[in-house]
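Below is one structure, written out as structure tokens, with a few remarks after it.
Throughout, read-outs are computed from the coordinates displayed, never taken from laboratory work. These figures come from a predicted structure and were not determined experimentally. For neighbour counting, all protein chains shown are included, and Cβ atoms are generated from backbone atoms with ideal geometry for every residue, glycine included.
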Amino acid sequence: MLEYTLRRILIALPAIFGVIVVVFAMVRLAPGDPAVLLAGEFADQATIERIRERFGLDRSMPEQFAAFVSNLAQGDLGRSTRTNRLVTEDLAQFFPNTLELAFGAIIVALVIGIPAGVLSAVKRNTWVDALVTFIALLGVSMPVFWFGLLAILFFSVDLGWFPVAGRGTFSHVVLPAITLGVSSTAIIARMTRSSMLEVLDQDYVRTARAKGVLGRTTIIKHALRNALVPVVTIGGLEFGRLMAGAVLTETVFTWPGVGRLLVDSILARDYPVVQGAVLLIAVSFIVVNLLVDLIYGLIDPRIRYD
Amino acid sequence: MTNAATETTKKAPQRRRPRWLKRLLRNPLAVLGFLIIGFFLVVVAAAPFLSPYPPADQSLRTTYLPPGTGVSWGGPEGQFGLWVSPATRSPIGGVKVDESEAYPVKFFVRGEPYEWAGGLIKSDLRLFGVDGPVRYHLLGTDEQGRDVLSRLIHGAWISLFIGLISVGIGVGIGVPVGAISGFLGGATDMVVQRLVDIMLAFPGILLAIVLVATFGTGLGNVMIAVGIASIPVYARLVRGSVLSVKNREYVEAARAMGKRGMPTLFRHVIPNSLAPIIVQSSLQMAIAILFAAGLGFLGLGARPPQPEWGLMLARGREYLAVAPHVATFPGLAIVLVVLGFNLVGDALRDALDPRG
């Protein structure tokens, strides 16, 4: 297990390194003087020169990269060109909100997706199955921002059940979490269906059925326990994806998360914040995937670590 | 002679449709998907003929008109069909419909002249229009009084084009890279797969956002960005299927006969990975259209006054409570098209799966 864990971590490291390179390259590849991009378009000459000095922008690329990594290792991502706040401070403030939203969404997805998938598998090739399949396809075909707007229009503007935007109480998180969770719900429902069908087709389940020793509900219960293993994996991967997918949902609901921070910063050409947000989202995605892999090994003893 | 004749007639039915195609056409969801895509292609091909007005035509006296304002079934004297009465909006009085006048909607009406297909087609004929000095808006108007239906119709090609270009980039680069990586193995494979890992570390729309943030916003960059974002998906997919066929007997036979690596790869290995590539391309069209609309919505894609659906939705969002139809219809259009490609992709996967 230890060896497996270490190996998985070793595989994740090049990806994290690659993400750092990409983030480093973003500012250098963008049209314009990197020093101006990092200082902001309204900065005076002195500030630009100070930035050039601090990030070593007049030195060679390898030297610049070394400076970038060394700053990064000290937790220094620079300052926002709009607010002059430390990028790390911004991220620390916004990231928990994104996590909250992603958690809400994954809960929605599991609570709706798993029963829908089980129902679809048990009622295989009936109209129920076809309906679940169709709704699931509709779910992945829907632009989240459109679904969010319709939800606001109906539940907030017309019915007045939930606040239109913002974050704070539980009722604030309901609509954004459902909106963000729609496509994951669909994916989890389909995964549960196929995984359930596979288990129901196993010899031991068929034998139990033929003997009539177990009731239908018992079979489903037992089958579900085994069928859920891959579903947990997909759920974990979805969680990672949701953190990035939150960009659109956060914009629709003006949710103060990293995704919205990223988009606002791109539109304002606030490059230090853009770099920080991209780095944070990508690295957390890698870390979540790594954790999912490790947990997968723990819950399914059939996985061999070689 | 007679024998030979009967033999040929017997042989004829043997050229049946392949089994996967039969399976595909028997699936009602697949047929629905093809119908949706077909409808969409017709709309793209005949946009100015189908749309009532040019997409940028504005009228500040008819802003935010709800769908079908002034349009009614039956004429003033009980005639059959759609009739249109002039409607205006004023800041104080709101929407007013002047019911003393009414004009019929007719097929093949001459309207404003248009050029299409790069100036090859010049005409002023439209499939339907009002016969009279009045405008009609079946899906309402937006904040500048532009006809929402016309903008939707004229925006269709943008979505299709984005899908095609980005799938083209994904297939054009991802397939050879993945194939070579899987076929050669060793250090090449190692390096390529680590690069793919890095690209996949930017989940979903994030990679496209990073590229647009770096190289600038706008429709052209969005197409390229969404295309690049799909490269790792194809590379992984093709590598996997190349690995699974690489050691099959017919490939080894080709090698044993002295065929060199690359020709073998392109003659024997890639054609056998075609099924998953086709399935993925249909699903990827759907993803690309969604991503591009998302970028348009975020203000990173198409720019006004382009009738791109995501952008229209974003504009509509600003006055959602006043004129919800402006945001609703572009969203519906996106759902429909994306659903079409997803239905086809999904059904293709089932049909091509040999276990099915």
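Restricting attention to the protein assembly as shown, lysine pairs at least eight places apart or on different chains and with alpha-carbon atoms under 25 angstrom apart total 9.
Taking Cβ atoms as reference points and 12 Å as the exclusive limit, the residues near A:V69 contribute a net charge of -2, counting Lys and Arg as +1 and Asp and Glu as -1. By the Kirkwood approach, averaging reciprocal distances over each pair of separate Cα atoms, the range A:99-269 gets a hydrodynamic radius of 17.3 Å. Comparing A:W255, A:W146, A:W127 in a Gaussian network model of chain A where C-alpha atoms under 10 Å apart are linked, the largest mean-square fluctuation is found at A:W127. Dipole of the range B:69-136 computed with +1 at Lys/Arg Cβ and -1 at Asp/Glu Cβ about the Cα centre; of B:G94, B:P76, B:P113, farthest Cα towards the positive end is B:P113. For B:T63, the residues whose amide H sits under 5 Å from its own are B:R89, ignoring neighbours fewer than 5 places away on the same chain, with H placed 1.01 Å from N. For the range A:150-306, the residue among A:I220, A:F155, A:I234 whose Cα projects farthest onto the positive side of the dipole built from Cβ charges is A:I220.
Estimated from helices alone, the mean residue ellipticity of chain A at 222 nm is -26000 deg cm²/dmol (sum of -39500 (n - 2.57) over DSSP H runs with n ≥ 4, per residue).
Across the options A:T133, A:H172, A:I48, the greatest Cα extent toward the positive end of the charge dipole of the protein assembly as shown (unit charges at beta carbon of Lys, Arg, Asp, Glu) belongs to A:T133. Positive contributions from Lys and Arg (+1) and negative ones from Asp and Glu (-1), summed over other residues with Cβ under 12 Å from the Cβ of A:S184, come out at +1.
With +1 on the Cβ of every Lys and Arg and -1 on the Cβ of every Asp and Glu, and nothing else charged, how large is the dipole of chain B about its Cα centre, in debye rounded to the nearest 20?
1800 debye
A cut-off of 5 Å between modelled amide H atoms, ignoring neighbours fewer than 5 places along the same chain, links A:R79 with A:V87.
Look at A:T233, A:T5, A:T169, A:T192 and count the other Cβ atoms within 10 Å of each Cβ; fewest to most, that gives A:T169, A:T5, A:T233, A:T192.
With a 10 Å cut-off around each Cβ of A:29-40, the average count of Cβ atoms from other chains is 1. The charge dipole of the protein assembly as shown, taken about its Cα centre with unit charges on the Cβ atoms of Lys, Arg (+1), Asp and Glu (-1) only, comes to about 2720 debye.
Counting other beta carbons within 10 Å of each residue's own, what order do A:L267, A:L280, B:L29 fall into, fewest first?
Numbers: A:L267 13, A:L280 23, B:L29 17.
Exposure proxy ranking, most exposed first: A:L267, B:L29, A:L280.
Pick from A:Y204, A:Y271, A:Y296: which is most flexible by mean-square fluctuation in a GNM of chain A where alpha carbon atoms under 10 Å apart are linked? The residue with the greatest mean-square fluctuation here is A:Y204. The Cβ shell under 12 Å around B:G218 holds other residues with a net charge of 0, Lys and Arg each +1, Asp and Glu each -1.
When chain B is treated as a GNM with alpha-carbon contacts under 10 Å, the residue of B:G118, B:G94, B:G168 showing the greatest mean-square fluctuation is B:G118. Remark: the Cα gyration tensor places chain A in the oblate category, a/c being 1.5 or greater and a/b not exceeding b/c. Just so you know, the averaged projected area of the alpha carbon convex hull for the protein assembly as shown sits at 43.0 nm².
Kindly provide the helix-only [θ] at 222 nm of chain B, computed as the sum of -39,500 (n - 2.57) over DSSP H runs of four or more divided by all residues, to the nearest 500 deg cm²/dmol?
About -18000 deg cm²/dmol.
Each of B:E308, A:E100 has some number of other Cβ atoms within 10 Å of its Cβ, and from fewest to most they run A:E100, B:E308.
Peptide B:208-217 has a mean of 6 when you count, residue by residue, the C-beta atoms of other protein chains within 10 Å of its C-beta.
With a ≥ b ≥ c taken as the square roots of the eigenvalues of the C-alpha gyration tensor of chain B, please select rounded if a/c is under 1.5 and otherwise prolate if a/b is larger than b/c or oblate if it is not? Taking the square roots of the gyration eigenvalues as a ≥ b ≥ c, chain B is oblate. The dipole here belongs to the range B:69-136: it is taken about the Cα centre, uses +1 on the Cβ of Lys and Arg and -1 on the Cβ of Asp and Glu, and is about 200 debye.
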